[in-house]
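Rule-based calculations on the coordinates, nothing more; no lab input. What you see is a predicted model; the values in this text were computed from it and never measured. Neighbour counts run over all protein chains shown; Cβ positions are idealised from the backbone, glycine included.
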Amino acid sequence: MWEEKLKVYDQLVAKCDRFERKGKTMPYTSANGYMFSLFNKAGEIGIRFSKEVQQKYIEEFNSTIYTSYNAVMKGYVLIPHEILKDLDNVAKYLNESYNYVMSLEPNNETPLFKIKTT
């Protein structure tokens, strides 16, 4: 089931030519030093938006804030499965999210999971 949902996430990301999917065990997209979409172990997709847009889409999609690995992901909206039936439309939201993170100051910090210790 997870693999089937991952295929949908991959198909969604493939519709957007400005970025690609990253991550093997925790698939995500990132740009400008920020992650802007996630695929969790429950097979759910979360897309990041500004606070104003996030609230708008939570109401429009009748959705909630996204959670991943028991963590509340502030700024991310859970994309309901019904909406995923129209991947062309969801790709517009994903591109909107990309535009949002590209409008932010670049985040040049090294993520904690990439820091190597000696």
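Residues whose amide H comes within less than 5 Å of that of N32, counting only those at least five positions distant or on another chain, are absent (H built at 1.01 Å from N in the peptide plane).
The modelled label-to-label distance for the pair S63/K41, using points 7 Å beyond Cα in the direction of Cβ, is 2.2 nm.
Backbone amide hydrogens, once placed in the peptide plane, bring M73 within less than 5 Å of Y66, T67, S68, excluding anything fewer than 5 places away on its chain. Placing R0 at 30 angstrom, the Cβ-Cβ distance between K22 and K56 gives a FRET efficiency of 0.65 after rounding to 0.05. Counting only residues at least eight positions apart within a chain, or on another chain, the lysines with an alpha carbon under 17 Å from that of K56 are K74, K92. Here, the chain has an Rg and a Dmax of 13.9, 48 Å when only alpha carbons are counted. A cut-off under 10 angstrom between Cβ atoms defines the neighbours of Y66, and their net charge, with Lys, Arg +1 and Asp, Glu -1, is +1. Sparsely packed loop sites in the range 1-88 (the trypsin sites (Lys or Arg not before Pro) outside DSSP H, G, I, E and B with at most 12 other Cβ atoms within 10 Å) comprise R18, K24, K41.
3J(HN,Hα) along the range 55-63, derived from phi through the Karplus expression 6.51 cos²θ - 1.76 cosθ + 1.60 where θ = phi - 60°, amounts to 4, 4, 6, 4, 6, 4, 8, 6, 10 Hz, with x in place of Gly and Pro. Coupling constants for the range 72-83 follow from the phi torsions by the Karplus curve (6.51 cos²θ - 1.76 cosθ + 1.60, θ = phi - 60°), and in residue order they are 6, 9, 4, x, 9, 10, 6, 8, x, 4, 4, 5 Hz; glycine and proline get x.
Electrostatic bookkeeping for I83 treats Lys and Arg as +1 and Asp and Glu as -1; over the other residues with beta carbon under 15 Å from its beta carbon, the sum is -2.
Rounded to the nearest whole Hz, the Karplus-based 3J(HN,Hα) values (6.51 cos²θ - 1.76 cosθ + 1.60, θ = phi - 60°) of the range 32-48 follow the sequence 6, x, 10, 6, 9, 8, 9, 10, 8, 5, 7, x, 9, 10, x, 10, 8, with x at glycine and proline. By the beta-carbon count within 10 Å of each Cβ, the least crowded to most crowded order of I45, I58, fewest first, is I58, I45.
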